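Chemist: The following block contains the structure, expressed as structure tokens.
The values are calculated or read from the model by the stated rules, or taken from the named source; none is laboratory data. These numbers come from a predicted model, not from an experiment. All Cβ positions, glycine included, derive from the backbone under ideal geometry; neighbour counts span all protein chains shown. Heavy atoms of the whole protein, side chains included, go into the accessibility calculation; ligands, DNA and RNA do not. Shrake-Rupley method; radii C 1.70, N 1.55, O 1.52, S 1.80 Å.
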Amino acid sequence: MTSVLLNFFDDWGVAIYNGLGRTWVLILAIVFACLALFMLQSLFVSMLKHSIRKNKFMFKFFQFLFMVIFVFFAVWFLTLL
């Protein structure tokens, strides 16, 4: 027995796939993956800068949270293909 939430995401994914088509789903997956990689690169660069300057590194929680959300969206769009 599957949950209502998983059925909702499955139905929503099929509706997005039918509405946008294969090409736009692939484009959105690539865009979300690029955004997530850019945020990951930004976190690594700031960590590197703080280690060189010997300053205390402040972890950017919301940037990390949005990066994880973008990764989930990219993976979800790739599973729709």
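Chemist: Using a 1.4 Å probe, what is the accessible area per residue for the chain, in Å²?
Modeler: Ligands and nucleic acids excluded, the figure is 79 Å² per residue.
Chemist: Could you list the chymotrypsin sites (Phe, Trp or Tyr not before Pro) in the chain that lie in coil according to DSSP, counting only those with at most 12 other Cβ atoms within 10 Å of their Cβ?
Modeler: Qualifying residues, ordered by number: PHE59.
Chemist: Sticking with this one: In debye to the nearest 20, how big a dipole does the chain give about its Cα centre with +1 on each Lys and Arg Cβ and -1 on each Asp and Glu Cβ?
Modeler: The calculated dipole for the chain is roughly 720 debye.
Chemist: Which residue, chosen from ALA74, VAL25, LEU35, occupies the Cα position most advanced towards the positive end of the dipole of the chain, where the dipole is computed from +1 (Lys, Arg) and -1 (Asp, Glu) charges on Cβ about the Cα centre?
Modeler: Result: LEU35.
Chemist: Whole number please: convex hull volume per residue, Cα atoms of the chain, in Å³.
Modeler: It comes to 99 Å³ per residue, whole-number rounded.
Chemist: Before rounding to the nearest 500, sum -39500 (n - 2.57) across all DSSP H runs of length at least 4 in the chain and divide by the residue total; then give [θ] at 222 nm in deg cm²/dmol.
Modeler: Taking each H run of at least 4 residues, the total per residue is -30000 deg cm²/dmol.
Chemist: How far is it, in nm, from the label point at LEU78 to the one at VAL31 when both lie 7 Å from their Cα along the line to the Cβ?
Modeler: 1.8 nm
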